[in-house]
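Have a look at the structure below, then the notes.
The values are calculated or read from the model by the stated rules, or taken from the named source; none is laboratory data. Quick caveat: nothing in here was measured; it's all calculated off a predicted structure. Glycine gets a Cβ as well: all are built from the backbone with ideal geometry, and neighbour counts include every protein chain shown. Note: accessible area is taken over every heavy atom of the protein model, side chains too, but ligands, DNA and RNA are not part of it. Shrake-Rupley method; radii C 1.70, N 1.55, O 1.52, S 1.80 Å.
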Amino acid sequence: MSETTSTNEENKLPLNGRRAIPPNHSNDEENEVPEMEAFGLIPRGFNPRDYLRVVDIYMFKEPHEINKKEHHTDKYYNPKLIVRRGQAFQIQIDFNRPYKPETDRFWLEFLMGRYPQQNKGTYIPIQIGNVLKPGQWGAKIIHRENNSVQLSIMSSTTCIIGKFRLYVAVLTPFGILRTRRNSATDTYILFNPWCQLDAVYLDDEKEREEYVLNDVGIVFHGNVEDVKSRSWSYGQFEENILDACLFLMDKAELELSGRGNPIKICRVASAVINSRDDNGVIAGSWNNSYDYGVAPSAWTGSVDILLEYYSSKQPVRYGQCWVFAGVFNTFLRCLGIPARLITNYSSAHDNNANLRLDFFLDDEGKVDTRLTKDSVWNYHCWNEAWMTRPDLPVGFGGWQVVDGTPQETSDGMYRCGPASVQAIKHGHVCFQFDAPFVYAEVNGDIFYTRMEKNGTQVVENVDTTRIGQLIVTKEVGGDGMMDITEEYKFREGSDEERLALETAVMYGVKKQSIQDTTYQPQTDVDMDFQAQKAVLGNDFKVTITFRNKSRNSYTANTYLSGNIVFYTGVAKSEFKKHSFSANLGPSSSSSFDVVIKSSEYMSDLLEQASFHFFVTARINETGKILAVQKAVVLEIPTLRIKTKGELVAGKETSVIVEFTNPLKQTLENVTLRLEGPGVLRTIKKQFGRIPMNSTLTWEVKFTPMRPGLRRLIASLNSDALRHVYGELNVQIQKP
């Protein structure tokens, strides 16, 4: 199209030969709706005031009124009407005179976007009838009094999700009279997990309260031997969050007509949550330097991130997997899709999805970091969203994996899912979307391979049990951990597991079997590695134990390498090298201790305080190699939170956050954050430094808005110490 200069023409539609109207993917844009739509020439004496005219529309939109109560939307901090699809809601129309059903005719119109069309579901005319049919648009009068009528309106169970504009139209002999544009009657329609006909229907009330209505959650992190947890504020009901979530679909350019489909919404959202290739919400950073942004560990919830993105339209810096998953969970719950945050411990990031993670060893048995491309994340967080999958065979609905963390591209964009958990468990990875990638994350094998001088690869050791050892989420109705490993995989070594693997291979997951390689392990000696509970800033010891089950004596040249790693398993630096020779007597166990000093690791420590130990031992008599690797996460001190005085809604009170610096060094550039959904908006405070062993105290005054059980969440961030959290449940009394 040639470029135009005049501003007048710029506002015209960019027409092309392919479609009659331009793409319609903004919920915010509007069209002009005429107040008088004439049928032809209007006679001179025509006065619209002679006809039935709408004086006022009452939406019953206050949190205590019938609509928000019955639709479970009374928690949204939003003045407009919010209802869930497939369920009746009520409005009242006041006319200029009593309504006469014999002669008067009026109807309702819901519109969305700039080019409303009936066949796209963006223009919905609703005639007034006598009966409401379940799951279909309709309206009927339930009460008439003086000049008012009260209507019950039913929305379709496949209706588009978003913000509709409401008009009331009245028929006259010469044309249609419509109400003036009034944003106070705008109506948000959301998914409805309470409605049996909705694609996101969930039949358990306790689960709906957890997966749709709970606005705080728990993120499990650490590693499989040492599970740690912290709170995250989802804040899906906070002010402007609903609009911010709808804006994400505009940003992803999802056609309005596709927005009734949870599969499409999840797929585009998994791409727009990260900033790769579409300037999405969060910019990821895994390199421990967070200039001009917030360190991922400092965030306490999703609200600040979504509001900043909604106002700036620029990616918010910075996130890592639990931040992407936390924000994604807010988005899903806010729109009414049941969702939960999942942690997979020892998660395989397999660059070529062949279910095999290769760790290459050099001649001495040390890991060669140049050749090793795959990594094992201590943990990785993703989300599950609950929905039917009419696009797949029966039985693959229910929980679907969606992942907003940018790892690999899918159909050319960084996105992942929705992939059916059931399909992953049974190996049916042919079903869209991205099931092979998720299957590999929970099912890979680790191969320790030595490169010979002539380029042949010798497999020295295979670990089939480490990947996806534990998959967890927060329990329903409590803060404990629920183990859901069995939902993703059959018991290690069972017949069903083998069958699922064969199925996955049949459907194209690449798997090199051990038979393809010359691999004869040393079976009569076991090696185990244990680490003492370690506290940040202290020395700790690790123990290597050999069990010689044979009648032979062996000697083992043993090499221990300690690395400081990102939680993604990528090494930053090797801080400990230790080798020794172990004499293994026949039919006996021998243990060897190695002390790790704080002076060896403190200068290089990364924010999640995680180490990765590789131990390799070569049995001199047979030339075989034993290998074991283990992640160790240090105990990080916590923040203490306490409240002063009683907590009553609408009355000022204060909360105190305390922290004692346990390190043998001064903390520089300290930032504290405090937030609590429904209690207080995030407050940040900078402190210059905290000397060693001294205590910082911060008092914040606030006025809680709503009664009920709420949670305060705090984080501390500094140059040398991150991932410091504290939380407190508070009961706020009614005034």
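Observations
- Based on alpha-carbon atoms, the Kirkwood radius and the radius of gyration of the range 525-633 give Rg/Rh equal to 1.02.
- Look at the dipole of the chain built from charges on Cβ: of Ser715, Val505, Gly404, the Cα furthest out on the positive end belongs to Ser715.
- Kirkwood Rh in Å, taken over all unlike Cα pairs in the range 599-735: 17.7
- Area of Leu197 that stays accessible when all protein chains are in place (1.4 Å probe, Å², to 10): 110
- Accessible surface of His143 - all protein chains present, 1.4 Å probe, nearest 10 Å²: 90
- Counting 0.36 nm for each residue step from Ala184 to Glu487 and taking away their Cα separation leaves a gain of 104.5 nm.
- By DSSP, the beta bridges lying fully in the chain are antiparallel in about 90 percent of cases.
- For the range 407-485, the list of trypsin sites (Lys or Arg not before Pro) that fall in a loop by DSSP and count at most 15 other C-beta atoms within 10 angstrom reads Lys453.
- Carbon plus sulfur fraction of accessible area for the chain, probe 1.4 Å, in percent: 48
- Helices meeting the span-like rule in the chain (full DSSP H runs, Cα extent of at least 18 Å along the helix axis, mean Kyte-Doolittle score of 0.0 or higher): 321-335.
- Mean residue ellipticity (222 nm) of the chain, computed from DSSP H runs ≥ 4 via -39,500 (n - 2.57), nearest 500: -3500 deg cm²/dmol
- Percentage relative contact order, the range 36-190, counting C-alpha pairs under 8 Å, at least six apart: 28
- Across the alpha-carbon atoms of the range 87-180, the computed radius of gyration and Dmax are 13.6, 38 angstrom.
- Placing unit charges on the Cβ atoms of the charged side chains and taking the dipole of the chain about its Cα centre, the candidate lying farthest along the positive direction among Ser599, Pro662, Asn378 is Pro662.
- Cleavage-rule hits (trypsin sites (Lys or Arg not before Pro)) in the range 684-716: DSSP loop, at most 13 neighbouring Cβ within 10 angstrom: none
- Taking the empirical scaling 2.2 N^0.38 Å for compact globular proteins as reference, the range 71-134 has a Cα radius of gyration ratio of 1.39.
- Shape summary of the range 582-623, radius of gyration then Dmax from alpha carbon positions: 15.8, 44 Å.
- Dipole of the range 36-190 [Lys/Arg +1, Asp/Glu -1 at C-beta], most positive-end residue of Asn146, Thr122, Thr73: Thr122
- A convex hull fitted around the alpha carbon atoms of the chain yields 204 Å³ per residue.
- For the set Arg49, Arg276, Arg181, solvent exposure ranked by accessible area (probe 1.4 Å, protein chains only) runs largest to smallest as Arg49, Arg276, Arg181.
- For the range 211-507, radius of gyration divided by Kirkwood radius, i.e. Rg to Rh on alpha-carbons: 0.98
- Between Val462 and Leu709, the contour length at 0.36 nm per residue exceeds the Cα-Cα span by 84.0 nm.
- Computed accessible area, Glu652, all protein chains, 1.4 angstrom probe, square angstrom: 120
- For the pair Glu652 and Asn557, the difference between a 0.36 nm per residue extended length and the Cα-Cα distance amounts to 27.5 nm.
- Compactness of the range 198-351 - radius of gyration and Dmax, Cα, Å: 15.5, 47
- Phi to ³J(HN,Hα) by Karplus 6.51 cos²θ - 1.76 cosθ + 1.60 over the range 664-676, Hz, x for Gly, Pro: 8, 7, 7, 8, 10, 6, 8, 10, 10, 10, 9, 8, x
- Accessible solvent surface per residue of the chain, calculated while the other protein chains remain in place, 1.4 angstrom probe, Å²: 43
- Solvent-accessible ranking of Thr638, Thr622, Thr300, Thr555, largest area first, probe 1.4 Å: Thr638, Thr622, Thr555, Thr300
- Inter-label distance, nm, simple model (7 Å from Cα along the C-beta direction), Gln532/Ile42: 9.0
- Per residue, the average separation of C-alpha pairs within less than 8 Å and at least 6 apart gives the chain a relative contact order of 9 percent.
- Estimated FRET transfer efficiency when R0 is 22 angstrom, pair Ile683-Ser289 (beta carbons, to 0.05): 0.30
- Accessible heavy-atom area order of Glu486, Glu475, highest first, probe of 1.4 Å: Glu486, Glu475
- Amide H contacts under 5 Å for Arg84, placed H, 5+ residues apart: Leu190
- Applied to the range 412-420, the Karplus parametrisation 6.51 cos²θ - 1.76 cosθ + 1.60 on θ = phi - 60° returns per-residue 3J(HN,Hα) values of x, 10, 6, 7, 7, x, x, 10, 5 Hz, with x for Gly and Pro.
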